[in-house]
Amino acid sequence: MEANVVSAGRRFYAAGIIALGLQHFYNGDFVPVIVPSFPAWLPGQYFWTCVAGTGLVITGGAILVGKAARPAAVVLGSALLAVLVFRHIPGQLPKFRSLGAWTDAFKELTLSGGAFVAAASVRDPDRPRLDRGFLDFGCLALGITVAVFGVDHFLYTAFVASLVPTWIPGHVFWTYFCGVALIAAGVGMILRIRARLASGLLGSMIFAWLIVLHIPLAIRAPYGSNGNEWTSVYEALAFSGIAFILARLLPRRAASPN
């Protein structure tokens, strides 16, 4: 059972990465969650867009089929982390007071951490400490991101409530409820308090949103904001996969400092 959940989570993550890579070719431009802006001094934007898309498809494909999955995941995680440090963070520093402006940066952090989690899911018996480090980083990255997004539910209540499907009553209630759930899951993962349970519940919640919220929105507005709704579908699929892997591979209790 554990192996099946881990395998499914890894495939969810890989499928999300592949889809984000293919979006680069469909849009003819970088997907902002991957690369927020192209350096003005660097020529050949479309060429580098194709390079980024190809890289995502190849590494995601390797993770999906299990061929060289571990090195591919490490390369992917390292590349995404580098883009976060050298593109996302410098670009957002002038707007550091706006939490909402950091959304893509936190998503990039999570996708990077998710790649290392995927690497740890293909275990190397000779490097247990490295695998534990990969899991710790991925758990912290996802925990921070969902806790911040939970706070967003209270800062941008009207906007978040407008995303709740019309057939579901009590939009504001569900906005607050999900905000509390995200914060609780994030805190549990950051502090490693019932982190496996928090990850499992979080993965189930995000996957439910994928079905109930993100896919219907994407079908309704497939071309809006350069396909942003479909980007949200792929992100949610990847995030749920990360959470499902963590729910099975995290230690049952925090490791002793000794």
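For segment 33-51, the set of residues classified as surrounded by fewer than 19 Cβ atoms within 10 Å (Cβ to Cβ) and either assigned to a helix (DSSP H, G or I) or polar (S, T, N, Q) (or both) consists of Ser37, Gln45, Tyr46, Phe47, Trp48, Cys50, Val51, listed by residue number. Taken as a whole, segment 73-88 holds at least one residue that is in contact (Cβ under 8 Å) with a residue 40 or more places away in the chain and among the small types (Gly, Ala, Ser). When residues in segment 95-129 are screened for being within 16 Å of Ser7 (Cα to Cα) and polar (S, T, N, Q), 1 of them pass. Look at segment 25-40: where a residue is farther than 20 Å from Ala101 by Cα and a partner is surrounded by fewer than 18 Cβ atoms within 10 Å (Cβ to Cβ), sitting 6+ places away or on another chain with Cβ atoms under 6 Å, you get Asn27/Asn226.
Read-outs: derived from the displayed coordinates by stated rules, not from any lab. This one's a predicted model, so the numbers in the text were calculated from it and none came from an experiment. All Cβ positions, glycine included, derive from the backbone under ideal geometry; neighbour counts span all protein chains shown.
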